[in-house]
Each structure stands twice: as C-alpha cells, then as structure tokens.
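A short write-up of the structure that comes next.
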Amino acid sequence: MEDIVVRTYKSLEWERLKSFLIAEAESSLGRVLSANQELADDRLTIERLLGETQEFAEMILARSGFVLSGLPDLEETLQRLQSGAQLSALDFLDVKKMLKVTGSVKSSLNLLAAESFPATTAYAKFLHALPAVILKIESIIDDGGSILDSASVELHQLRKEVHKLQNSIHSELTKIIQSSTLAKALQEPIYTQRSGRFVLPVLASSRNVISGIVHDSSASGLTVYIEPMAVVEIANKMRIKTSDIEREIARILDELGKSMHEQCHLLVENYHTLGLVDAISARARLSLKYRGTRPEISETQFIEYKEARHPLLILQTSMENVVANDIRLGGAENESQTLVITGPNTGGKTVLLKTVGIFALMLRIGLLLPVSPNSKASIFDTVFADIGDEQSLEQSLSTFSSHMKNIVHVVDSAKPGTLVLLDEVGAGTDPKEGAALARAILEYLTTSGAMTIATTHYSELKTLAYTDNSFVNGSLAFNDETFSPTYKLRLGVPGSSKATTIARRLGLHKDVIKKAQEHLATCDQDLQTTISQLESRMQDLEHQQELAKQAHTEAIVLQEEYQAQKLALQKQNEKNRQSLASEMESEFQISKEYIRTIIADLQKAPTIAKAQRVQKDLESLRKDLGWMEIKAKDDPNKLEVSELKVGQMVRVKSLNQRGLIQSVGASATSKEEAVIVVRAGSMNLKVVISDLELVAGHSLNNGKHSPSNISKSAAKSISSFKQENRIAHQKESAGRAPKSTSRRMPADEEPHVFVRTSSNTIDLRGQRVEEAMNNVEQFVDQCMAAAISPLMIIHGHGTGAVRTAVRDFLDSSNYASAYRPGEAYEGGDGVTIVEFN
C-alpha cells in the first residue's frame, strides 16, 4: 500500500501544481531545482523563501525581472572541466553564454536598493562576471564555434598551407575540365568530393581516358568518380596538413581548459546561483498568475485565510470564476482546533479541504498564497489527507477499510504541528457506528494537538461544537431557489445534506419524499429545522454584509476623491504662497535699498529732525509692508507702558540704535500708541512703544539718573575695570596662552544697518598703533558710559597693523559683545562696527 504522505500529495494534486511551477522556469537547471525543491521545516527558511518570491514578483511587475532563457545546460560540461577532461569549442561557447548572463543578472542586482530588496540583492555576492575568461574565449573561438586563425601562429600557418594546396587541386581539376580531349570523358564539367577526396564524374565507358583512382560510382553504374593522379599527391599532403590542424586545435582547447581550471569553482557557483535565481523567478511568475500574496506567519497554530481560492482552479479557469472563502481556525488554547464541515454533495467541501492542504505545502516552498492581504498562515510539519474513494480491488479492501488504514496511521502520528484533512470521516459502514467512530477519531485528534478539518453528513457530529469549544461548525451554503450550491463557507453554522430537497428537485415522487420525512426521528427534524432557520438568518446576514461592504467601498472612493481634492488645494495654496512670498521678497529688497539710501543721507548730516523724519519714513514703510501686523495681540513680548521706566536701556528696532529712556508718555486714545522719548547718543528721539524692545540687564539706578549725570565713581569703576582687563590681556599674550574666543559676528548673520553720527564714530587714520589704541580705549569708555551702541571705528586699510590691534583689543574686551567689518557702503574692511552687551 502506498505511503500515507505519497497518497496525501496525490490527493492534494501537489505534483500537478508543481508541473505549473516547473513550466515557469526558463533554464534546465531552474526546472530541475523547481522539481526537486524540498519542503522547508523551519520558520526562518520559509520566511526567506517567501521574501525572495515577493521581491521577485515586485520586480516582474515593475518590468525589471531577470531573463535567463539564454542559460545553457552546463551540468556535465562543468563536471568535465573540473575533472580536467577536454571540452569542445561549443562547450566553451556555452560557458561564455553563462558568463554573459551572469554579468547581466549581477548588474541588475547591483542597481537594486538593498534596503528594499534585501533577499534578492544577497545573491549578487555569489555571482562572478569573470570578464578575463570571456575575453580569453572570444580570442580563440568565434560565435559560430570555429577556432580563429589568430588562436596560434602554428594554426595560422597550417591553414595558410592547406589553402594553398586547395588552390593547387582546384587548378589541376580545372585544367582537366577545360581540356578539349579529356572533357569529353566527363559526365558533367564539375568536380566534387567523395570520402574527403576531390573527384571528377567520369563516364563509365570512358574511365580509361582519365588516369586516377576510382572512389565511388553512381547507383546506375553509368558514372564513376575518379581522383586524377595529378591531384592525388597534393590531396595527400593536404590531408596531412589537415590532421596537423586538428591536433593544433586540440592543443589550443586543452590549454584554454587548463587556464580556466582555477576559476572552475567560481563558474560552478555562478551556474548554481543562476539556477536558484531562475527557480525563484518561476515561483514569482506562478504566484502572479494566481495573484498570490505573502501571508503573515502566525506564532501559534492558527490560520486565517481571507478570500482564499484554490490555485489550480484559478490556473485552469480564471480568478473571477473561483469563489473565495474566509477560513479561520486555531489560535489560543481555548480556540477551536477542529472544523467540522457539513453540507450537500457537490457543494465544495472537498475543494475546501484541498485548498487548506495545498496552502500548507505551498508555504513551505515559498509560493505566495491566493489570499487577500493581512491573511495569516501556520507552518505545519506534516500534512495528512484522506480524501476520495480509496477502494482497492487488488488488495481486497473496501472503501471503509481503505480509509480506516489511512486513519490508523494518522491517529498514530498526530501531534501539534500536524494538519489532518478527512473527507467523509467514518463513511462506508453502519451510520450509527460510523458516526460514533468518527466522533471518537475527531476527539482524539483534537486532544493530540493536531489541527483537523473534516467533512461529514453525520448529524451527530454537528452537535460537538455546542458542547466542546475545541470544535467549530462550518457549512457550504446551498441555494434552494436555484437548486445549486454557492460554494461559500459559513463558519459557526452547521449545514444540512439537502438530500430530500435534491431528490424533490430531481423529480422523486412526492409520496416518497413525504414518507422519507416521516421516517426522520423527531430530534433529527428539530435539528434540521434549527439548521434551516440558521441558514436563513445567515443568508440575511450575508446580504447585509454585502451591502455594508459596498457602502465601505463607496466610502473609500469618496475618501480618495476628497484626499485628491485636498492635495490639489494644498498645491494651489502653496503655489499662491510662493507667488506672494516672491512678491514680498521683491518689495523687501526695494525697501531695504531705500532704507540704506535714507540712512546714508542721515549719516552725511545727522540732526535730530532728520533722524525723526527717517524714523517716520521707516514706520510708514513698515506699515506699507504689513510688518506691524505680524505680532499677535496677545504676544507675551509686547511692551506695556507700565513696564517702562526712565533710565532703562532700550533698542529702537527701526533704527537699530540703543538708548536710554528720557520720558514715558501715555497715548491720547486707546487706539494710539504711547510715545517714548529715547536718548541715543547726542540725539533725543520720539518713538512709539511698539518700535522698542528692552535690552536685558541694562538700567541705571532704576531711572534715577540720566546718562549725562552718571557719577564719577561709576566712570572710574568702568575705567578701572578696563585697565584690569587690558593688563590681563597683556599677561596672556606674554605667556603665549591661547587668545580668547573671537567675538567677530558669524558670516551668515545678517548685519544691522549702522547710522553714523559724530558721537558713535572715531577716525584713527594717520595714527600709529600706540596712539590709536589710547584713543580707542578713551572712545570706548565714553560710549560705554553714554550707553551708545553700536559704534564705528575707522582705521583704514594701510598695513593692517591698526586694524589688527583694534580687533585684538575687542577680542579681549569685556565690553564688546560682537564686532564686524563694515559693509561695502559703510567702508568695508577699513572700518569695524562694534556692539556692546
């Protein structure tokens, strides 16, 4: 009797599916590997196989798959090369073809992103292009398989001599053909070859006219083929030379084989890797034909196939003609592990069994499953299927006995990780005994930890799900109106066999139908009535689910349309924003240039009236550009009149000038802003409060003293602090300690516009370093005491000594917070602009 595993594969039509897989391979090695691929057992290997198939399928869909149809069969050739046997010229051409395919595949793999195709790109390291080997073969053998004259000097010379001898033979034979006397003896004025010798077709009656050797005659005997004596010796010499050529070619090919012997293991690795790539491509192409997807591998013994279809039905018909089913079984310990399917004959129960069984095998060779995304599958170490009529006349086994022998083996081998598929369990014997035996078998298989799916017509098995959580009912629906099965699985609901319904539809006499119904036990009638009611409710529920599904699909379409409109609107808004930003940038540049112009005019002749006019122009410009509206009404940084006090240090934002508050005035109305008088250098400015910001840490005695009344002790303290700082700087320079961090403004920082006045500018041009530095120190002290910032030091270009001394002083000064060279319109590197803390 056949082994149960062999019978399982036969029942599931496994070899038939593999024949489709083999047909997808393009090379002989790919077909062999596809046919002989073993079922993987461990999770990591199966995940890798599925990942490879999925990645190759994605490449094929993107029209970037590999073409391996040009890969020749090199199994025997590479074995001979490894053993040192001589190869023919055509064998070497096959090796070259393989290397060409290798280079093409490797290049394609290198173009892929490793993070997107990790499993596929991993094969690149096993492929070796070996361009030197290709060039070596091409230098010896042409594309037709002939050895090139340039393969060796000896070969070139021999072929040249043979060509010369051939010309001599042709010349001698032509003389005979053109001879007025000898030509009469010829059957035809031509020459040909017999047994590798050049001969003339001579009339048999004139054979003595031409002296030579007879090599053949015609079937009629009227013509004999004679090699004239004039060419015999020449032909003998040519044959010797031809033998020399053959020996030289053999030597050349032998040397070529020896030169490739060191790369033989790389050639073998190339060949086997290309075969694997072809086998994976075959899996991907087949998976695409039945629209397979990669399921998630569950950690427990649990399957959840969404819209599952049998792959063979899809391949022999079409996707649309195969009914999809949702199959869910297993999971946690309290979840059902055994599915009992009932329903009428020809309803699709057996196809459902085969679908689950073939899925378990497909998974283990890396084939994608014809299911919807987000499906879950489990790895089964063993699959047992007892499907179909196993009656054996040869072994004198009835249907029941044959099935029971299978089940005996299944029961003995069942354990966790086993998938058992039983068709019509317990059939073929007394119904009561059969039902009792079937129940006992299913209970034992469930206890063993195996996952079991069984079909039956026994009503007793339908009640198991109501008393044991390990069981779940399932049925294949039947349409009573059309008298046809729907092939849809309904989990949780037992089905009826519809025997009387089918018999009635087929025309069985109504009295017989009535008698049959009377013979049914009352309990059976109650069960059938319950089942019928459940079926009716399930049909209503399925209809509602279908309507909900349609509504969901419509909602998705509407959502996609909304997202598309939203994206289009965002793009238009961004386009408008960029256009507005471009216009504002243009206005800003014009305004910036205008600011520089009016500031330059102010610097030529600074007066309070002119400064206030400039400030007014700047305020007007800011309002034109809308900058005053940027700050929100509830901006926490907005200054209030109550926060300002006389003597506080503030910055006039529009002029970028620091000064001390002289007086604080309230606004005339709630809509007007308060006007503050600020002293900046020698000028008093009237500024609105929104154009001011506080300078942190700066106030003079809480506003009790104006800058002109700073005490002599404060000035003395500043001078003393400056002197100490200068001495520390000199000591630091003498001790060659590293200089303090430069306070030069970063290059990418936008410099503030400097308004030049007599009080914030010093000119050192024409002064020596020592004199200049004394003046700088006094000037800085005065500016610091008067709270003038920023200020300008004009030192010119010259030798750069004064400029360097000034900037070294600023680097070590505790007064200056930052400094920078002037802008081009300010004097460039001939001036230094300084800002205080």
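The values are calculated or read from the model by the stated rules, or taken from the named source; none is laboratory data. Note that the structure is predicted; figures quoted are calculated from it, not measured. Quick reminder, even Gly has a Cβ in these numbers, built from the backbone with ideal geometry, and neighbours come from all protein chains shown. In case anyone asks, the SASA skips ligands and DNA or RNA and just uses the protein heavy atoms, side chains included. Shrake-Rupley method; radii C 1.70, N 1.55, O 1.52, S 1.80 Å.
General remarks:
- A Cβ distance below 8 Å, combined with a sequence gap of six or more or placement on separate chains, defines the contacts here; from segment 281-296, residues that are buried (at least 20 other Cβ atoms within 10 Å of the Cβ) reach residues that are outside any loop (DSSP other than H, G, I, E, B) and aromatic (Phe, Trp, Tyr) in the pairs SER281/PHE56; ARG283/PHE56; ALA284/PHE56; LEU286/PHE20; PRO295/TYR305.
- For segment 232-245, the count of residues that are open to solvent by 40 Å² or more (accessible area, probe 1.4 Å), in contact (Cβ under 8 Å) with a residue 60 or more places away in the chain and more than 30 Å from LYS175 (Cα to Cα) is zero.
- Check on GLU304, farther than 30 Å from GLN82 by Cβ and surrounded by fewer than 24 Cβ atoms within 10 Å (Cβ to Cβ): yes
- Some residue of segment 55-67 being more than 30 Å from LEU419 (Cβ to Cβ), of a type in the set (Ser, Thr, Tyr) and over 23 Å from the mean Cα position of the chain (by Cα): no
- Of all residues in segment 70-83 being modelled with pLDDT of 90 or more and open to solvent by less than 70 Å² (accessible area, probe 1.4 Å), the one that is nearest to ALA250 (Cα to Cα): LEU81
- Residues (modelled with pLDDT of 85 or more, in contact with a Leu (Cβ under 8 Å, 6 or more places away or on another chain) and more than 22 Å from THR355 (Cβ to Cβ)) located in segment 459-481: LEU464
- LEU491 touching a residue at least 12 places away in the same chain (Cβ under 8 Å) and open to solvent by 40 Å² or more (accessible area, probe 1.4 Å): yes
- Leading residue by the ranking (most open to solvent (accessible area, probe 1.4 Å)) among those in segment 84-117 that are in a loop (DSSP other than H, G, I, E, B) and in contact with a Leu (Cβ under 9 Å, 6 or more places away or on another chain): GLN86
- Yes/no for GLU299 being under 18 Å from VAL472 (Cβ atoms), of a type in the set (D, E, K, R) and open to solvent by 10 Å² or more (accessible area, probe 1.4 Å): no
- Filtered by the rule that a residue be at pLDDT 80 or above, more than 19 Å from THR456 (Cα to Cα) and among the β-branched types (Val, Ile, Thr), segment 482-524 gives a lone residue, VAL512.
- Residue, farthest from the chain's Cα centre (by Cα), within segment 310-351, restricted to residues that are in a helix (DSSP H, G or I) and polar (S, T, N, Q): THR350
- Those residues of segment 20-59 which are open to solvent by 50 Å² or more (accessible area, probe 1.4 Å) and in contact with a Leu (Cβ under 8 Å, 6 or more places away or on another chain), in sequence order: PHE20, GLU26, LEU33, GLN54
- Residue pairs meeting the criteria (Cβ under 7 Å; at least 6 apart or on separate chains; first touching a residue at least 24 places away in the same chain (Cβ under 8 Å), in segment 139-168; second of a type in the set (S, T, N, Q)): VAL162/THR242
- Here LYS633 meets each of (1) at pLDDT below 70; (2) open to solvent by 90 Å² or more (accessible area, probe 1.4 Å); (3) under 29 Å from MET683 (Cβ atoms) with one exception, condition (3).
- Unique residue being touching a Ser or Thr at 6+ places or on another chain (Cβ under 7 Å) and aliphatic (A, V, I, L, M) when the list is ALA185, ALA151: ALA185
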